[in-house]
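Working notes for the structure below.
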Amino acid sequence: MGIHLRNVVLDTTDVPQLAEFYRALLGWSYPDGFEVGAEDYQDWRSIVGPGGERLSFQRAESVTPTTWPDPTVPQQFHLDFLLDSVEELEAQHQHALSLGAEVRMDRSDDELEPLRVYTDPSGHTFCLFAWPEQDL
């Protein structure tokens, strides 16, 4: 039988906004049968990646955005997304900013591990990495 990861779930005060942020950032889709704007999806939404992976969002009364790298409010959890090249990292950087992401750390010029750390509109931390030469 085994255990399989079904969802990674992020709390947010605005489920539609955060779901759409990540859908647009990742190019993923909503599950079959989902209707954008449907009132039934104000408290919970999921997006689905090309391999069936799921990222979901649930409504919370409040979410305290991380202050990372300042330790006052730790990040507690973050998402890492791998890109194929440094060029793709640059393109996705502009895309993330246009969607409302904020940069928290920029190591895009690091030869061994080029990356940027961002927060999403609800204050969760995520990273975009480019490791074109490494086998993961």
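Please find, among Glu53, Glu87, the residue that is farther than 21 Å from Val8 by Cα and without any contact (Cβ under 8 Å) to a residue 60 or more places away in the chain. None of the other options fit; the residue is Glu87. Report, by residue number, each residue of segment 64-85 that is among the aliphatic types (A, V, I, L, M) and over 11 Å from Leu128 (Cβ atoms). Matches in segment 64-85: Val73 only. Against the conditions (1) touching a residue at least 12 places away in the same chain (Cβ under 8 Å); (2) closer than 26 Å to Pro16 by Cα, Val73 satisfies every one except (1). At least 2 residues being in contact with an Asp or Glu (Cβ under 9 Å, 6 or more places away or on another chain) and buried (at least 16 other Cβ atoms within 10 Å of the Cβ) is the threshold, and among the strands (runs of 3 or more DSSP E) wholly inside segment 60-136 those reaching it are 115-119, 125-130. Gly51 falls short on exactly one of the conditions (1) in contact with a Gly (Cβ under 8 Å, 6 or more places away or on another chain); (2) in the same structural domain as Pro16 (by TED's automatic domain parsing), and that condition is (1).
Picking from Ala38, Ala24, Ala19, Ala60, which residue would you name as being of a type outside the set (Val, Ile, Thr), over 29 Å from Glu90 (Cβ atoms) and at pLDDT 90 or above? Full working, then the answer.
Numbers: Ala38 fails: at pLDDT 90 or above; Ala24 fails: over 29 Å from Glu90 (Cβ atoms); Ala19 fails: over 29 Å from Glu90 (Cβ atoms).
The unique qualifying residue is Ala60.
Test Thr125 against the stated conditions and say whether it is under 21 Å from Gln17 (Cβ atoms) and either of a type in the set (Phe, Trp, Tyr) or touching a Ser or Thr at 6+ places or on another chain (Cβ under 8 Å) (or both). Criteria met by Thr125.
Scanning segment 80-126 for residues that are of a type in the set (A, V, I, L, M) and in contact with a Cys (Cβ under 7 Å, 6 or more places away or on another chain) yields a total of 2.
Test Ile3 against the criterion of being among the β-branched types (Val, Ile, Thr), in a loop (DSSP other than H, G, I, E, B) and closer than 28 Å to Trp131 by Cβ, and give yes or no. Yes; evaluated as a whole, the condition is true for this residue.
The values are calculated or read from the model by the stated rules, or taken from the named source; none is laboratory data. Predicted model, so just to flag it, every value in this text is computed and none were measured. Note: ideal-geometry Cβ built from the backbone for every residue, glycine included; neighbour counts use all protein chains shown.
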